[in-house]
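Please read the structure below before turning to the comments.
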Amino acid sequence: MNWMSSFLFCSLAVLMQVCSNLEVDAEEDPQTPGRSCANWMGGAPGYPGHNGIPGRDGRDGQNGQKGDKGEQGTPGPKGDSGNTGESGAVGLIGPQGLPGSPGRKGEKGESASSYRSAFSVGLITRVPHPYIPIKFSKILYNEQNHYDPTTGKFRCSIPGMYYFAYHLTVYLADVKVSLFKSGKPVIITYDQYQKNNVDQASGSVLLHVETGEEVWLQVYGEEENNGIYADNINDSVFMGFLVYPDLDYEH
C-alpha cells in the first residue's frame with residue numbers, strides 16, 4: 001500500500017514538471033502554438049461543417065457604355081423562299097406603246113376554188129313568152145357552168161347561201177317578173193311602163209339553196225306584163241353567186 005502511494009506521488013510530480021517546461025517554451029517561441037496541459041489534454045479536431053444556403057442575387061448593375069461597331073460577319077446561307085404574298089391592287093393603265101413591227105407573211109391557205117359558184121348572163125332580144133323561164137343567152141360569166149342557157153335555169157351544185165339579182169330594161173309594156181326557186185315564186189317585181197320612155201326594174205334576194213334545186217326568172221302574169229327589153233345599147237341581166245357553203249358540206 002505504501003508502495004502504490006509512493007508511485008502515484010512520483011508520477012504526479014513528473015507530470016507537473018513536464019507542464020511547467022511546456023509553458024516556458026511557449027513564452028519563448030510565440031510562433032509555435034501553445035502546448036499547455038489543457039491543449040495536450042484536448043480532444044481530436046471535429047469534421048468540417050456543411051455549406052450554407054446560397055445568398056440572394058444582387059441588384060442589376062448599370063448598363064455599360066456602347067461598344068464599338070464590330071466587323072461585318074460572313075453572309076449566311078440563302079434561306080427558303082417565303083409564301084407568295086397577296087396580289088396587289090391593279091395599277092393605272094400605262095401610256096399606249098408604239099406600233100409593233102409587221103409580222104411575217106402567213107402561209108398560203110387552202111384554195112377555195114372548189115367552193116366557187118357564180119354566173120352572170122344577159123338578154124339578146126325581147127322575151128318572147130310568159131309562164132316559162134327567161135333564157136338569158138348572153139354569157140357574161142359562167143365558169144362553173146352552173147347556169148344552163150338552154151333552159152334559163154341555175155342548178156345548185158354546192159349547198160349554201162346564195163345572192164341573186166336582176167336588172168331589167170322596161171320598154172313598150174309593163175313588166176311583172178318573179179324569181180322562182182324550185183317552181184315557187186320567191187320575190188315579184190312590177191314596173192309600169194311610161195310611154196316613149198325606157199325604164200328599169202330590178203330586184204335582189206339572199207337565199208339558201210340545196211344541191212339540185214333550181215333558180216330562174218319568169219314573166220309573172222299575162223302577155224301585157226311582158227315589157228322586158230334588150231338591144232345593143234340596153235341590157236337586161238340576171239346574176240347569182242355563192243356567199244358561203246353549208247358547214248357540213250364536203251366536196
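The values are calculated or read from the model by the stated rules, or taken from the named source; none is laboratory data. Quick caveat: nothing in here was measured; it's all calculated off a predicted structure. Don't worry about glycine lacking a Cβ; one is built from the backbone with ideal geometry, like all the others, and counts go over all protein chains shown. What goes into the accessible areas is simple: the full protein's heavy atoms, side chains included, and nothing from ligands, DNA or RNA. Shrake-Rupley method; radii C 1.70, N 1.55, O 1.52, S 1.80 Å.
Please tell me if S117 is at pLDDT 90 or above and surrounded by 16 or more Cβ atoms within 10 Å (Cβ to Cβ). Show your work before the answer.
Working: at pLDDT 90 or above: yes; surrounded by 16 or more Cβ atoms within 10 Å (Cβ to Cβ): yes.
Yes, satisfied.
Please go through the stretch 189-238 and pick out each residue that is aromatic (F, W, Y) and farther than 30 Å from M161 by Cβ. Spell out the reasoning first.
Start the filter on the stretch 189-238 by keeping residues that are aromatic (F, W, Y), which leaves 190, 193, 216, 220, 229, 238.
Answer for the stretch 189-238, where residues must be aromatic (F, W, Y) and farther than 30 Å from M161 by Cβ: Y193, Y229.
What tally of residues in the stretch 220-236 results from selecting those that are open to solvent by less than 40 Å² (accessible area, probe 1.4 Å) and closer than 21 Å to I139 by Cβ? Reasoning before the result, please.
Residues of the stretch 220-236 that are open to solvent by less than 40 Å² (accessible area, probe 1.4 Å), as a first pass: 221, 225-228, 230, 234, 236.
Okay, now just the ones that are also closer than 21 Å to I139 by Cβ, so 228, 230, 234, 236.
Here the count works out to 4.
Taking S137, is it without any contact (Cβ under 8 Å) to a residue 40 or more places away in the chain and either hydroxyl-bearing (S, T, Y) or closer than 30 Å to Y244 by Cα (or both)? Steps first, answer last, please.
Working: without any contact (Cβ under 8 Å) to a residue 40 or more places away in the chain: yes; either hydroxyl-bearing (S, T, Y) or closer than 30 Å to Y244 by Cα (or both): yes.
Yes; evaluated as a whole, the condition is true for this residue.
Being more than 16 Å from T211 (Cβ to Cβ), assigned to a strand (DSSP E or B) and among the hydroxyl-bearing types (S, T, Y) is the filter here; which residues of the stretch 138-157 pass it?
Pass one, the stretch 138-157, residues more than 16 Å from T211 (Cβ to Cβ): 138-143, 149-152.
Right, trim to assigned to a strand (DSSP E or B) and you get 138-141.
Matches in the stretch 138-157: Y141 only.
Which of the residues spanning the stretch 142-163 are touching a Ser or Thr at 6+ places or on another chain (Cβ under 8 Å) and free of Cβ contacts under 8 Å to residues at least 40 places away in the same chain?
Those that are touching a Ser or Thr at 6+ places or on another chain (Cβ under 8 Å) and free of Cβ contacts under 8 Å to residues at least 40 places away in the same chain: N142, Q144, H146, P149.
With respect to the numbered conditions (1) surrounded by 21 or more Cβ atoms within 10 Å (Cβ to Cβ); (2) not in a strand (DSSP E or B), which one is the sole condition not fulfilled by L168?
Condition not satisfied by L168: (2).
For A26, are the conditions met, namely being surrounded by 10 or more Cβ atoms within 10 Å (Cβ to Cβ) and at pLDDT below 65? Step through it out loud before you land on a result.
Details: surrounded by 10 or more Cβ atoms within 10 Å (Cβ to Cβ): yes; at pLDDT below 65: yes.
When the stated conditions are applied, A26 passes them.
Is it the case that the stretch 120-137 has a residue that's in a strand (DSSP E or B), under 52 Å from the mean Cα position of the chain (by Cα) and at pLDDT 90 or above?
yes
Quick one: count up the residues across the stretch 187-199 that are among the aliphatic types (A, V, I, L, M) and outside any strand (DSSP E or B). Explain how you work it out, then say what you get.
Initially, the stretch 187-199 is screened for residues among the aliphatic types (A, V, I, L, M), giving 187-188, 198.
Subset that is outside any strand (DSSP E or B): 198.
Looking only at that region, the number is 1.
Quick test for you: out of D191, D199, pick the one residue that is over 20 Å from G152 (Cα atoms) and open to solvent by less than 30 Å² (accessible area, probe 1.4 Å).
Result of the check over D191, D199: D191.
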